[in-house]
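Written out below as structure tokens is the structure these notes cover.
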Amino acid sequence: MPWTLSAKKVTYWQGKAGLIGEFEANLGSPETVRAGLTIINTFRIRPLLLSHSHRNDTVLVGEICICIKNGDDMRKIIVLSMITLDGVMQAPGGPKEDTSGGFNHGGWTAPYGDDVYSKVVEQELKPADYLLGRKTFEIWADYWPEHADFWRGINDGTKYVLSKTMKKSAWKNSVFLKSVADIKKLKRSKGSHIQVWGSGKLIQLLFKNDLVDELRLKIHPLTLGKGKKLFGNGVIPAAFTLVESIVTPSGVIIANYQRAGKVKTGTVGA
């Protein structure tokens, strides 16, 4: 059951916007706050009285009851990325995939393929919805419509593209978004979880706004020294939990991490 009931008294609020901000800042569960709470309704109740209605929870804040929808039932944004030991994610698939910035190491994942690796990729290529940056979308739109025999379902899955300049595409099932607000709205919509492939700049934006729910990484045993990196200038302090991992015969660490609240600190040995 993805609904939780929490109470935290807030001593100050100013209007609905101020109330919500103060409420989220003082809620006891950082994991719940991170998942995103949708304010459904607010109403005044007697002190210390908690109400419950259908699948929505209520939280007492002073004498105000806030009816919230827990973010656990939102669509997750899952970042899938092939990276090097030094975090490079640029052009893993081929020499001409992305040569921007003078990058000449494209196709660096090729030597590490094996049966274990292939089975993981096969699972990841099942039909899904996708959130892409403009550049990645353009690369995909130029290639995948004619190669769907390898990635079955790629043409049928919805491709959500964050772009301020693109408004349409001949590739079917392409939807264009303009802002972070559009992405948040997408997360609140009905549907399957959303996969992010490539899209380095978009990923930084997602990190910055704490919108990454899960990381599915393939960490390859090499360094490149230069190239676009997964963990760039958008990364914020955030904790993740390892939920699944394997090591392939070729030495690739395949690890899935789920977002797990705030970073905790302490003194080692204390």
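Some points to look at:
- Where strands (runs of 3 or more DSSP E) fall wholly inside the range 138-220, no range has 1 or more residues that are under 25 Å from VAL252 (Cα atoms), in contact with a His (Cβ under 9 Å, 6 or more places away or on another chain) and free of Cβ contacts under 8 Å to residues at least 12 places away in the same chain.
- Some residue of the range 232-239 being surrounded by fewer than 17 Cβ atoms within 10 Å (Cβ to Cβ), touching a strand residue (DSSP E or B) at 6+ places or on another chain (Cβ under 9 Å), of a type in the set (A, V, I, L, M) and in a strand (DSSP E or B): no
- If the condition is being out of contact with any Ser or Thr (no Cβ under 9 Å at 6 or more places or on another chain) and closer than 25 Å to MET82 by Cα, then the range 172-183 contributes VAL180, ILE183.
- Within the range 203-231, the set of residues being touching a helix residue (DSSP H, G or I) at 6+ places or on another chain (Cβ under 8 Å) and open to solvent by less than 10 Å² (accessible area, probe 1.4 Å) comprises LEU206, VAL212, LYS218, HIS220, LEU230.
- Test for GLY106: is it surrounded by 13 or more Cβ atoms within 10 Å (Cβ to Cβ), modelled with pLDDT of 95 or more, in contact with a strand residue (DSSP E or B) (Cβ under 6 Å, 6 or more places away or on another chain) and not polar (S, T, N, Q): no
- The set of residues in the range 76-86 that are in a loop (DSSP other than H, G, I, E, B) and open to solvent by 10 Å² or more (accessible area, probe 1.4 Å) comprises LYS76, LEU85, ASP86.
- Taking the listed residues GLY261, GLY234, GLY227, the one that is modelled with pLDDT under 95 and within 17 Å of VAL88 (Cβ to Cβ) is GLY234, with no other qualifying.
- If you filter the range 111-163 down to residues that are surrounded by 12 or more Cβ atoms within 10 Å (Cβ to Cβ) and polar (S, T, N, Q), you find that the one that is farthest from the chain's Cα centre (by Cα) is ASN155.
The values are calculated or read from the model by the stated rules, or taken from the named source; none is laboratory data. In this text, all values refer to a predicted model and were calculated from it rather than measured experimentally. Neighbour counts are summed over all protein chains in view; Cβ atoms, including those assigned to glycine, are modelled from backbone coordinates with ideal geometry. Accessible surface is based on the protein model in full, side chains and every heavy atom, while ligands, DNA and RNA are left aside. Shrake-Rupley method; radii C 1.70, N 1.55, O 1.52, S 1.80 Å.
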